[in-house]
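Undergrad: Supplied in structure tokens, the structure appears directly below.
The values are calculated or read from the model by the stated rules, or taken from the named source; none is laboratory data. None of these values were measured; they are calculated from a predicted model. Please note: Cβ atoms are built from the backbone with ideal geometry, for glycine as well, and neighbour counts cover all protein chains shown.
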Amino acid sequence: MDRRLFLGGAMALAGAAKASAANAASLSLADAAKLAWLYGLPLIEVAEVRRRTLALGPPNRLHHQRDLTTPATQKVTSPNNDTLYSRGFLELSRGPVTLTLPATGERYFSVALMDMFTNNFAVLGTRTTGPEGGRFTIAGPSGPAPAGAVRAPSNWVFVLGRTLVDGPQDIDQARTVQDRLLLDPPPGPAPTPATPPARTAPWRDYFAGLGALLAETIPPATDAGFFHAVRALGLTPKGFSPPAFSPAQEAEIASGVAQATALASLPNGGTYEAGGWTYPQSNLGTFEQDYLFRGQIALTGLFALPLAEAMYTRSVGDGGQGLFRGDRYRLTFPQGQLLPVDGFWSLTVYRAMPDGQFFFAPNPIDRWSIGDRTPGLTYNKDGSLDLWISREDPGAERRSNWLPTPQGPFMLSLRAFMPRASLLTGQYRAPPVIALP
């Protein structure tokens, strides 16, 4: 389909979504379904992660990933291969939770706190609270809480910790940091959460499941314009109660949902291009009413951090479509022009999946990322750094700088944790990936 038509429609939908409840125009059923499907996508994706997480144990408990992500780990799209993850869901209706962060020294460490719509409302750790650690109280949107508590916008909160690993010899020390990340929950059992529908469910099932999730989530008051705009569907903050639709109206709704699914998986959605890379919009991780961008990130980069914490860029790929299909490429950083960060940087390769998600694929040296902590990187005599990106081994002299690629289309992502101002403002731009004959 024509990407320009989709983008034009998306801009119109964004305008309607951001309108206030007093003046939001009533959308056609197709546009209302398109907007509502995109609005609900992150909530449904997060609820599915919650369902899988709670199958391992109750809320207010952390689950530590003890090894770096590999092709065998396909839990969340576009994972990194630099940090150990710690995940869990808080349920705050019974009272606040106390989170204890360990002292981490020079190691990068962060704990992101997100609402069910994937907005980061707090990031604790190296950049914000320092390496000394400490105790933090996290409270729900209502009820008593001590002074200085972090207030969550709703009672369900996703916690995502990242502990940097500096090579295989560092894995045990990184696990020790995880062990010192502690949760002290309130007493008593938590309520049973709503079950999410599948992303691919028929529209009635999708919106019914979304309605149940909305009823337990407390959408922000700033979303009143959205609910006014889609009122003809029967979707409200309290659930989904559709009117009787004619066959023609049902077909119109189905058409809007089909357009929404295509919009969500557009290549490089919510980004702008500069120098061969696509850079994210400034509201990444704190989306407010940008439902299209939020939905696209839920599909291609769920649980993204705010740019001040981490900037993820993606190469434009072959022909600007976001993916590579060739055999041999090179990325060269001139002398003194590595990514400017106070944390760390890495280049990661992902196999592109048919559903628009990205995961690691097996390769002969078990390497899925390369960066400032990769042992044995070799620099050229002029101080520049060549990274060789290819399916075949580039040879003994280049193997230390080799990032193996999978069969089929793949995506390249540069991660910059704790980016410096020159990267955030656009003064610094990464060099392009060059195709080799």
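Undergrad: Identify, please: which residue in segment 298-330 is under 26 Å from G285 (Cβ atoms) and of a type in the set (D, E, K, R) and is, among those, modelled with the highest pLDDT?
TA: E309
Undergrad: Looking at segment 159-176, can you tell me whether even one residue there is in a loop (DSSP other than H, G, I, E, B) and either touching a His at 6+ places or on another chain (Cβ under 8 Å) or under 15 Å from T98 (Cα atoms) (or both)?
TA: Residues of segment 159-176 that are in a loop (DSSP other than H, G, I, E, B), as a first pass: 165-167.
Restricting the remaining residues to those that are either touching a His at 6+ places or on another chain (Cβ under 8 Å) or under 15 Å from T98 (Cα atoms) (or both) gives none.
Within segment 159-176, not a single residue is in a loop (DSSP other than H, G, I, E, B) and either touching a His at 6+ places or on another chain (Cβ under 8 Å) or under 15 Å from T98 (Cα atoms) (or both).
Undergrad: For segment 396-412, name all the residues that are more than 27 Å from the chain's Cα centre (by Cα) and among the small types (G, A, S). Break it down stepwise before answering.
TA: Initial filter on segment 396-412 (more than 27 Å from the chain's Cα centre (by Cα)): 396-401.
Once the filter is applied, which keeps residues that are more than 27 Å from the chain's Cα centre (by Cα) and among the small types (G, A, S), segment 396-412 yields A396, S400.
Undergrad: Which number in (1) surrounded by fewer than 21 Cβ atoms within 10 Å (Cβ to Cβ); (2) in contact with a strand residue (DSSP E or B) (Cβ under 6 Å, 6 or more places away or on another chain); (3) at pLDDT 95 or above marks the one condition that L54 misses?
TA: Every listed condition holds for L54 apart from (2).
Undergrad: Could you list, in sequence order, the residues of segment 221-249 that are under 16 Å from D290 (Cα atoms) and surrounded by fewer than 17 Cβ atoms within 10 Å (Cβ to Cβ)?
TA: Answer for segment 221-249, where residues must be under 16 Å from D290 (Cα atoms) and surrounded by fewer than 17 Cβ atoms within 10 Å (Cβ to Cβ): A221, T222, A224.
Undergrad: Then there is this: Please list, ordered by first then second residue, the pairs with beta carbon atoms under 7 Å, 6 or more apart or interchain, first in segment 354-370 and in the same structural domain as R391 (by TED's automatic domain parsing), second in a loop (DSSP other than H, G, I, E, B) and acidic (D, E).
TA: Every condition considered, the pairs that remain are S369/D82.
Undergrad: Same structure, new question: Consider only pairs whose beta carbons are under 6 Å apart and that are at least six residues apart or on different chains; among these, list those whose first residue lies in segment 418-437 and is within 25 Å of G319 (Cβ to Cβ) and whose second residue is part of a loop (DSSP other than H, G, I, E, B) and of a type outside the set (A, V, I, L, M, F, W, C).
TA: R429/G275; P432/G275; P432/G276; A435/G326
Undergrad: Something else about it: Taking the condition of being at positive phi and surrounded by fewer than 18 Cβ atoms within 10 Å (Cβ to Cβ), how many residues in segment 95-127 meet it?
TA: Step one: filter segment 95-127 for residues at positive phi, giving 95, 105, 118, 125.
Still in the list and also surrounded by fewer than 18 Cβ atoms within 10 Å (Cβ to Cβ): 95, 105.
Selection size over segment 95-127: 2.
Undergrad: I need a count of the residues in segment 194-229 that are polar (S, T, N, Q), in contact with a Lys or Arg (Cβ under 7 Å, 6 or more places away or on another chain) and not in a loop (DSSP other than H, G, I, E, B).
TA: 0
Undergrad: Any residue at all in segment 128-148 that is within 24 Å of the chain's Cα centre (by Cα), surrounded by fewer than 19 Cβ atoms within 10 Å (Cβ to Cβ) and within 19 Å of F303 (Cα to Cα)?
TA: Yes, the conditions are met somewhere in segment 128-148.
Undergrad: How many of the residues in segment 135-151 are in contact with a strand residue (DSSP E or B) (Cβ under 6 Å, 6 or more places away or on another chain) and at pLDDT 95 or above?
TA: The total comes to 8.
Undergrad: Being of a type outside the set (A, V, I, L, M, F, W, C), touching a residue at least 12 places away in the same chain (Cβ under 8 Å) and surrounded by 12 or more Cβ atoms within 10 Å (Cβ to Cβ) is the filter here, so list the residues in segment 150-172 that pass it.
TA: Correct list: R151, P153, S154, N155, G161, R162, T163, D166.
Undergrad: Any residue at all in segment 292-310 that is touching a Phe, Trp or Tyr at 6+ places or on another chain (Cβ under 8 Å), in the same structural domain as I365 (by TED's automatic domain parsing) and under 19 Å from Q407 (Cβ atoms)?
TA: No, segment 292-310 contains no residue that is touching a Phe, Trp or Tyr at 6+ places or on another chain (Cβ under 8 Å), in the same structural domain as I365 (by TED's automatic domain parsing) and under 19 Å from Q407 (Cβ atoms).
Undergrad: Given the options F287, F303, name the one that is of a type in the set (F, W, Y), within 12 Å of the chain's Cα centre (by Cα) and crowded, with 23+ Cβ neighbours inside 10 Å.
TA: F303
Undergrad: In segment 160-186, what residues are more than 20 Å from R87 (Cα to Cα) and either in the same structural domain as P306 (by TED's automatic domain parsing) or of a type in the set (D, E) (or both)? Don't jump to the end; show me each part of the working.
TA: Filtering segment 160-186 for residues more than 20 Å from R87 (Cα to Cα) gives 166-170.
If the condition is that a residue be more than 20 Å from R87 (Cα to Cα) and either in the same structural domain as P306 (by TED's automatic domain parsing) or of a type in the set (D, E) (or both), then D166, D170 are the ones that fit.
Undergrad: Restricting to segment 357-378, and then to whatever is surrounded by 12 or more Cβ atoms within 10 Å (Cβ to Cβ) and among the hydroxyl-bearing types (S, T, Y), can you tell me which residue is farthest from the chain's Cα centre (by Cα)?
TA: T374
Undergrad: Taking the residues in segment 83-124 that are part of a loop (DSSP other than H, G, I, E, B) and of a type in the set (F, W, Y) as candidates, determine which candidate is nearest to the chain's Cα centre (by Cα). Spell out how you get there, then give the answer.
TA: Within segment 83-124, the first condition is being part of a loop (DSSP other than H, G, I, E, B), and the residues that meet it are 92-96, 102-108, 115-119.
Among the residues that remain, those that are also of a type in the set (F, W, Y) are: 108, 117.
Numbers: Y108: 19, F117: 11 Å.
Among those residues, the one meeting the criterion is F117.
Undergrad: Same structure, new question: Residue by residue through segment 262-281, note down the ones that are touching a helix residue (DSSP H, G or I) at 6+ places or on another chain (Cβ under 7 Å), buried (at least 19 other Cβ atoms within 10 Å of the Cβ) and either of a type in the set (F, W, Y) or assigned to a helix (DSSP H, G or I) (or both).
TA: Selection gives L263, A264.
Undergrad: Can you tell me which of T104, T126 is assigned by TED's automatic domain parsing to the domain that holds Y85 and either of a type in the set (K, R) or out of contact with any strand residue (DSSP E or B) (no Cβ under 7 Å at 6 or more places or on another chain) (or both)?
TA: Values: T126 fails: either of a type in the set (K, R) or out of contact with any strand residue (DSSP E or B) (no Cβ under 7 Å at 6 or more places or on another chain) (or both).
So the residue among T104, T126 that is assigned by TED's automatic domain parsing to the domain that holds Y85 and either of a type in the set (K, R) or out of contact with any strand residue (DSSP E or B) (no Cβ under 7 Å at 6 or more places or on another chain) (or both) is T104.
Undergrad: Can you tell me which of (1) farther than 20 Å from P141 by Cβ; (2) surrounded by 18 or more Cβ atoms within 10 Å (Cβ to Cβ) is the one P189 doesn't meet?
TA: Result: P189 fails condition (2) only.
Undergrad: For segment 65-93, which residues satisfy the criterion of being modelled with pLDDT of 95 or more, farther than 17 Å from G125 by Cβ and of a type in the set (K, R)?
TA: R66
Undergrad: If you don't mind, there's one more thing I want to ask. State yes or no: is T69 closer than 19 Å to S369 by Cβ and either touching an Asp or Glu at 6+ places or on another chain (Cβ under 6 Å) or touching a residue at least 60 places away in the same chain (Cβ under 8 Å) (or both)? Don't jump to the end; show me each part of the working.
TA: Details: closer than 19 Å to S369 by Cβ: yes; either touching an Asp or Glu at 6+ places or on another chain (Cβ under 6 Å) or touching a residue at least 60 places away in the same chain (Cβ under 8 Å) (or both): yes.
Yes: the conditions hold for T69.
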